[in-house]
Structure formats: structure tokens, C-alpha cells
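The values are calculated or read from the model by the stated rules, or taken from the named source; none is laboratory data. Remember, predicted model here, so these are calculated numbers, not experimental data. Heads up, the Cβs are rebuilt from the backbone with ideal geometry, glycines too, and the neighbour counts pull from every protein chain shown.
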Amino acid sequence: MTRRMTFAVIFAALLASTAPAAAQIHGATPSRGPALKPAVTVTGDIVRIGDLVENAGAVAEVPIFRAPDLGQTGNVTVASVLEAVRGQHLVGLDTRGLSAIAVTHAGRAITAKDIEARVLASLAGRYGLPSAADLAVVFDNPVRTVEVEATATDELAVTRLGYEPRTGRFDVDFDLPGSVVARRLPLHFTGIVTETFTAVVPTHEIAQGQVLRASDLAAERRPKAGQSATTLTAIEQAEGLTAKHSLVAGQVLHQADVAKPELVGRGDNVTIVFEVPGIALSVIGKANEAGALGDIINVVNLQSKHTIQATVVGPDRVSVSPAPSRLAENATR
């Protein structure tokens, strides 16, 4: 063997011995094999191998199952998946110890509230109607949630609208741009739209004489036909007042239903205060009638036995503020 040939053999042997090391340096970690996913979400009607299997390679687009209904989730057993992909050359498919895969068909739910809002938006400001906030809808038939494609993100579009101002009846048809499913649905709704106002109502039964707290009350929308000049429309109008009679939950409150809380009871002993700038006198009296803050009631001066009129200024406390020239006379009567 010549010297040149010997060198060539040795060089070849060195290359062979260093090849694995070079592969470790430049090849890094070998690529991961196919593995099942524990849960998936699909947007179409068909489930493909790549939806359920990571690193599915060339067979990722092969269809194997139908997807659940829009917006629904179903479980596919791993045994079913393995049977479906048999013969697809998924060598070494890792099941990750799973027994089933959860498959969700992504959808968009259009609720009854969404449909109501679209009806109101289509009518508000038209036909002499106020804003949507002051309107309410009553449908002729129950409105159920509609499931459409997740990709159909546009608002419901009005294709036909009818309204009768005298009766408040409406008749509307909708379409949903970009949705094939919506074209197959009866997006036709009829009903009545009414004007509303905010009314104050008790959230539970209230006993006569009970002082109303904010937590006892709620502001609810009610048909405008039930509104009167005495209707309470803000919680602040009733908070701190007392019930003049028992109140029922949900009952619209009027001014006649509430009153300022009594600070002086009929027959109670009270302190009568006579006040003018720089002078304040007080005597004990007896109330001839009950009164709330600011009420003018008849009070007997127990010292003079005379009856005078005084203003309720606090619990069991009334005030008389006569002209200075009459102060002494009233204080001793």
C-alpha cells in the first residue's frame, strides 16, 4: 500500500468516527413524532387528522370525523381515533395515556338579548319613538339562542322592517352577512314595542312604618302607560322614608306610599326650644300630634298649659322662633 493510499484510509476512518459527534452538534434533538392532543377546537364541519394529532405531517388534512354541532363539545375515544388513522403511516403515534379527546365546534351564540337589542336599535329614533334605553320589546313567540359560525362576526342586518305606531306592533326580518347557517334559519320576529320609564320598586315585602334603605329598593323599567306625576323614579326619592302601609315586592312606588319618618309621636314629651339670635330658651311640652322633620305640629307647654305651634327639628324636639318682641310672651305661656 502506498503512503498516499494509507493516508486516505486513515482520513476516511477519522471521518467515520467523528460523524456521530457532528450529528449531535448540528442535528440537535431529533424531531418529535406524532402525538394526540387532549382537547381541540375546530371551526368547520369536518375534523381532520391534523386537528387531533400533533406533527401529523403529510396526512394532516385527511378528514376522519364530522364535527359536533355548532357551539357544542363532544368526546372522541382514542380507540376510535386509532382506528380512523390506521393505514395513514403515523409511525409511533403517542397517545399520551389519553382515553378520549374533547372536540369543540367553535360557534357564535346570538342570544335572545342580542336579538332584542337589534330590534330596539332598528326602531329607536324612528316613527316618533325615543332612544333604545326607553323602549322595551315583548315578542309574540319565545326567542331562542341561535348558533352560527364563529367566523360570522358581523351584526344582524335588517332586511325588512314594519311598524304600526298606533298599536306598537313590529315585524322584522334579519340576515347575518357571512353566515351560511343564518340563511337556513327563520330570523323573522314579531311583537310589540312599548315606551318605558324608570320606576322605584321594593325588592321584598316592606312592613308598615319600616324605614326604607337603598338595599330595599331597585330601579326597574316599566311601561310608560303606568307612569303618573306621583311615581317615584329615583331610589333617592324613597331612601330614608317610611312605608305608610305594607309594600309588596315589585310594586311601583308613589309619593302616597311613603312619608318622612316620625321624629315626634302623638302624646310624646318634647323639648320646646325658643330661639332668636343670641337667645335660646327651652321648656318641656307634650305633642298633640305626630310629626316628621320640618312638620309644624301643635304642642302643649306643660309649664303654662297653653297650646302653641312648633316645628319638628329632631327626635322629640321642636322649635319656635317668634319675633323678638314676642319671645318672652311665648316662652311663658
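Counting only strands (runs of 3 or more DSSP E) that fall entirely inside region 60-150 and contain at least 2 residues that are touching a strand residue (DSSP E or B) at 6+ places or on another chain (Cβ under 8 Å) and under 27 Å from VAL42 (Cβ atoms), the qualifying elements are 63-66, 73-77, 100-105, 107-110, 146-149. Considering region 182-193, the residues that are loosely packed, with under 13 Cβ neighbours inside 10 Å and in a loop (DSSP other than H, G, I, E, B) include one that is nearest to the chain's Cα centre (by Cα), namely PRO186.
Does any residue of region 296-307 turn out to be over 30 Å from ALA199 (Cβ atoms), within 55 Å of the chain's Cα centre (by Cα) and modelled with pLDDT under 90? No: region 296-307 contains no residue that is over 30 Å from ALA199 (Cβ atoms), within 55 Å of the chain's Cα centre (by Cα) and modelled with pLDDT under 90.
For region 195-226, taking the residues that are polar (S, T, N, Q) and under 22 Å from the mean Cα position of the chain (by Cα), the one that is nearest to ALA117 (Cα to Cα) is identified as THR196. If you go through region 244-253 and pick out every residue that is surrounded by 15 or more Cβ atoms within 10 Å (Cβ to Cβ) and polar (S, T, N, Q), you end up with 1. For LEU161, the requirement of being farther than 29 Å from GLY44 by Cβ and in contact with a Pro (Cβ under 9 Å, 6 or more places away or on another chain) is not met. Residues that are crowded, with 19+ Cβ neighbours inside 10 Å and under 29 Å from ASP173 (Cα atoms): does region 198-217 have at least one? Looking for residues that are crowded, with 19+ Cβ neighbours inside 10 Å and under 29 Å from ASP173 (Cα atoms), one finds none in region 198-217, hence no.
Out of (1) surrounded by 18 or more Cβ atoms within 10 Å (Cβ to Cβ); (2) over 20 Å from the mean Cα position of the chain (by Cα); (3) not aromatic (Phe, Trp, Tyr), the odd one out for GLY128 is which? With respect to (1) surrounded by 18 or more Cβ atoms within 10 Å (Cβ to Cβ); (2) over 20 Å from the mean Cα position of the chain (by Cα); (3) not aromatic (Phe, Trp, Tyr), GLY128 is out only on (1). Checked against (1) surrounded by 13 or more Cβ atoms within 10 Å (Cβ to Cβ); (2) under 30 Å from PHE170 (Cα atoms); (3) of a type in the set (A, V, I, L, M, F, W, C), ALA102 passes all but a single condition, namely (2).
Scanning region 264-281 for residues that are at pLDDT 90 or above and in a strand (DSSP E or B) gives VAL264, ASN269, VAL270, THR271, ILE272, VAL273. For THR167, indicate whether it is outside the structural domain of SER246 (by TED's automatic domain parsing), without any contact (Cβ under 8 Å) to a residue 40 or more places away in the chain and not in a helix (DSSP H, G or I). Here the answer is yes, as THR167 does meet what is asked. Please verify whether region 227-243 includes one or more residues that are over 31 Å from the mean Cα position of the chain (by Cα), surrounded by fewer than 14 Cβ atoms within 10 Å (Cβ to Cβ) and touching a residue at least 24 places away in the same chain (Cβ under 8 Å). Scanning region 227-243, I find no residue that is over 31 Å from the mean Cα position of the chain (by Cα), surrounded by fewer than 14 Cβ atoms within 10 Å (Cβ to Cβ) and touching a residue at least 24 places away in the same chain (Cβ under 8 Å), so the answer is no. Evaluated against (1) at pLDDT below 95; (2) on the phi < 0 side of the Ramachandran plot, GLY92 falls short on exactly one condition, (2).
Inside region 254-274, residues that are touching a Ser or Thr at 6+ places or on another chain (Cβ under 9 Å), crowded, with 16+ Cβ neighbours inside 10 Å and hydrophobic (A, V, I, L, M, F, W, C) make up a count of 4. The residue that is nearest to GLN88 (Cα to Cα), among those in region 55-76 that are charged (D, E, K, R) and modelled with pLDDT of 95 or more, is GLU61.
Inside region 30-53, residues that are among the basic types (Lys, Arg) and not in a loop (DSSP other than H, G, I, E, B) make up a count of 1. For region 118-136, give me each residue that is closer than 21 Å to LEU176 by Cα and in contact (Cβ under 8 Å) with a residue 12 or more places away in the chain. Correct list: ARG118, VAL119, LEU120, SER122, LEU123. Looking at ALA229, is it part of a helix (DSSP H, G or I) and under 30 Å from TYR127 (Cβ atoms)? Considered against the rule, which asks whether it is part of a helix (DSSP H, G or I) and under 30 Å from TYR127 (Cβ atoms), ALA229 comes out as no.
When restricted to residues that are touching a helix residue (DSSP H, G or I) at 6+ places or on another chain (Cβ under 9 Å) and surrounded by fewer than 13 Cβ atoms within 10 Å (Cβ to Cβ), region 134-181 contains 3.
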